[in-house]
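Asks: Following this message is one structure expressed as structure tokens.
The values are calculated or read from the model by the stated rules, or taken from the named source; none is laboratory data. Predicted model, so just to flag it, every value in this text is computed and none were measured. All Cβ positions, even for glycine, are placed from backbone atoms using ideal geometry, and neighbour counts span all protein chains on display. With ligands, DNA and RNA removed, areas are computed over all heavy atoms of the protein, side chains included. Shrake-Rupley method; radii C 1.70, N 1.55, O 1.52, S 1.80 Å.
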Amino acid sequence: MQRAEPQEFERVLSSMCTEPHPAAREAAERFLATNPGDPGTYEQVARLESEAVEMLGAITGLSEPEGYVTSGGTEANIQAVRIARNRADADDPNVVAPEHAHFSFRKAAEILGVELRTAPATDYRADVDAMAELIDDDTVCVVGVAGTTEYGHVDPIPAIADLAADAGTLCHVDAAWGGFYLPFTDHRWHFGHADVDTLTIDPHKVGQAAVPAGGLLARSADLFEGLAIDTPYLESTSQVTLTGTRSGAGVASAVAAMEALWPEGYREAYDREMANAEWLAEQLAARGHDVVGPELPLVAADLSRPMTAELRERGWRVSKTGADELRVVCMPHVTRSMLRSFVADLDWY
Ligand code: PLP
């Protein structure tokens, strides 16, 4: 039988993951058989996880960060909602989020028995007044997105944090994708800019770590207390993570990527990818398409369905927004020459 090979990245324009940095790839391989879920046995990788959390804290403006390396943004968002639900004393808990919040919040709501209330957005960003209308005494968490999945837009996080503070709820920021770009922008999005309580930031996306390496951070240790489950047969006495056995490869590769790239490497990546996204937006606009963005390196445009189907036929991995626009994510593996040949294929059509 022929050996299965992973896909090449040379035509991938749809993914929020990318090729790992060489140091991250090497670290992932070395730590493949380690489990940070059992820190008493796997001490080295447990130490690396503390380093990962420290570095994620540095990136998100938090001097004494608490948190862990999750399986991805989904787990981090579920856990953030779980923290909020367990901490509050609500009979019928609800979470208020903008309509563009990632679908992982729907999973969180269903699993945790929490109602997800979504507010319409204005100009692709959270509308704080519309969110305020949904808040009541049973609201346990208010969510803002820093780098939306479909358009790469950034919600007004300080205003959302104020809303949460006024309502006496937690404020969670989902920066799963945007978190490694935003330090090089003027956006106000992290713990240092607003009263954010928990935040999702994924090394396995723009952080250039191997999959799986997501990140959940909290402003203080007490926020995690409500998640603690006793672990009688392990050296450690309790566990706050969602899964038990976890990927040491993800943890080690996250540390290796951040050591190699924070901050200059990530800044260079941001500059390059933003320039690519702006170039693509101009090319699409010049061809008469309505373009959204880029606010971060992500471009959406109103290409017709047959056109998108033809691009897929030609091997391009492209995806659509909920409103049926073509969506191109300018990740680190997306080069200008790739985009040139993509545009050439568009012109052919
Ligand atoms: N949050 C945002 C903003 C995302 O864009 C994504 C995925 O693209 C997620 C959460 C979920 O992350 P994961 O697929 O790593 O679980």
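Asks: Which numbered condition in (1) open to solvent by less than 10 Å² (accessible area, probe 1.4 Å); (2) away from the ligand (no atom under 12 Å from the Cβ) is the only one that Ser63 fails?
Replies: (1)
Asks: Of Ala260, Ala252, Ala269, Ala228, which residue is under 19 Å from the mean Cα position of the chain (by Cα), more than 16 Å from the ligand (Cβ to nearest atom) and surrounded by fewer than 24 Cβ atoms within 10 Å (Cβ to Cβ)?
Replies: Numbers: Ala260 fails: under 19 Å from the mean Cα position of the chain (by Cα); Ala252 fails: surrounded by fewer than 24 Cβ atoms within 10 Å (Cβ to Cβ); Ala228 fails: under 19 Å from the mean Cα position of the chain (by Cα).
Sole residue among the options that is under 19 Å from the mean Cα position of the chain (by Cα), more than 16 Å from the ligand (Cβ to nearest atom) and surrounded by fewer than 24 Cβ atoms within 10 Å (Cβ to Cβ): Ala269.
Asks: While we're on this one: Looking at region 109-134, which of the residues that are more than 21 Å from the chain's Cα centre (by Cα) and among the small types (Gly, Ala, Ser) is farthest from the ligand (Cβ to nearest atom)?
Replies: Filtering region 109-134 for residues that are more than 21 Å from the chain's Cα centre (by Cα) and among the small types (Gly, Ala, Ser), the one farthest from the ligand (Cβ to nearest atom) comes out as Ala132.
Asks: Inspect all residues belonging to region 41-53 and state whether any of them is touching a strand residue (DSSP E or B) at 6+ places or on another chain (Cβ under 7 Å) and within 21 Å of Glu235 (Cα to Cα). Spell out how you get there, then give the answer.
Replies: Just the residues of region 41-53 that are touching a strand residue (DSSP E or B) at 6+ places or on another chain (Cβ under 7 Å), to begin with: 49, 52-53.
Okay, now just the ones that are also within 21 Å of Glu235 (Cα to Cα), so 49.
Scanning region 41-53, I find at least one residue that is touching a strand residue (DSSP E or B) at 6+ places or on another chain (Cβ under 7 Å) and within 21 Å of Glu235 (Cα to Cα), so the answer is yes.
Asks: Only one residue in Gly152, Gly147, Gly179 is touching a Phe, Trp or Tyr at 6+ places or on another chain (Cβ under 7 Å), touching a residue at least 24 places away in the same chain (Cβ under 8 Å), under 30 Å from Ser14 (Cα atoms) and outside the structural domain of Asp290 (by TED's automatic domain parsing). Which one? Walk me through how you get there before you give the answer.
Replies: On the way: Gly152 fails: touching a Phe, Trp or Tyr at 6+ places or on another chain (Cβ under 7 Å); Gly179 fails: touching a Phe, Trp or Tyr at 6+ places or on another chain (Cβ under 7 Å).
Of Gly152, Gly147, Gly179, the one residue that is touching a Phe, Trp or Tyr at 6+ places or on another chain (Cβ under 7 Å), touching a residue at least 24 places away in the same chain (Cβ under 8 Å), under 30 Å from Ser14 (Cα atoms) and outside the structural domain of Asp290 (by TED's automatic domain parsing) is Gly147.
Asks: Now, a different point. Quick one: which of Gly144, Gly179, Gly207, Gly215 is within 16 Å of the ligand (Cβ to nearest atom), touching a Lys or Arg at 6+ places or on another chain (Cβ under 9 Å), modelled with pLDDT of 95 or more and open to solvent by less than 20 Å² (accessible area, probe 1.4 Å)? Working first, answer last.
Replies: Working: Gly144 fails: touching a Lys or Arg at 6+ places or on another chain (Cβ under 9 Å); Gly207 fails: touching a Lys or Arg at 6+ places or on another chain (Cβ under 9 Å); Gly215 fails: touching a Lys or Arg at 6+ places or on another chain (Cβ under 9 Å).
Answer to the check: Gly179.
Asks: A further question follows. Does at least one position in region 24-41 carry a residue that is open to solvent by 10 Å² or more (accessible area, probe 1.4 Å) and closer than 29 Å to Ile157 by Cβ?
Replies: No: zero hits.
Asks: For the subset of region 66-108 comprising residues that are away from the ligand (no atom under 16 Å from the Cβ) and either among the aromatic types (Phe, Trp, Tyr) or open to solvent by 40 Å² or more (accessible area, probe 1.4 Å) (or both), which member is modelled with the lowest pLDDT?
Replies: It comes out as Asp89.
Asks: Moving to a separate point now. If you take the residues in region 191-204 that are farther than 13 Å from Val145 by Cα and under 13 Å from the mean Cα position of the chain (by Cα), which one is surrounded by the fewest Cβ atoms within 10 Å (Cβ to Cβ)?
Replies: Result: His204.
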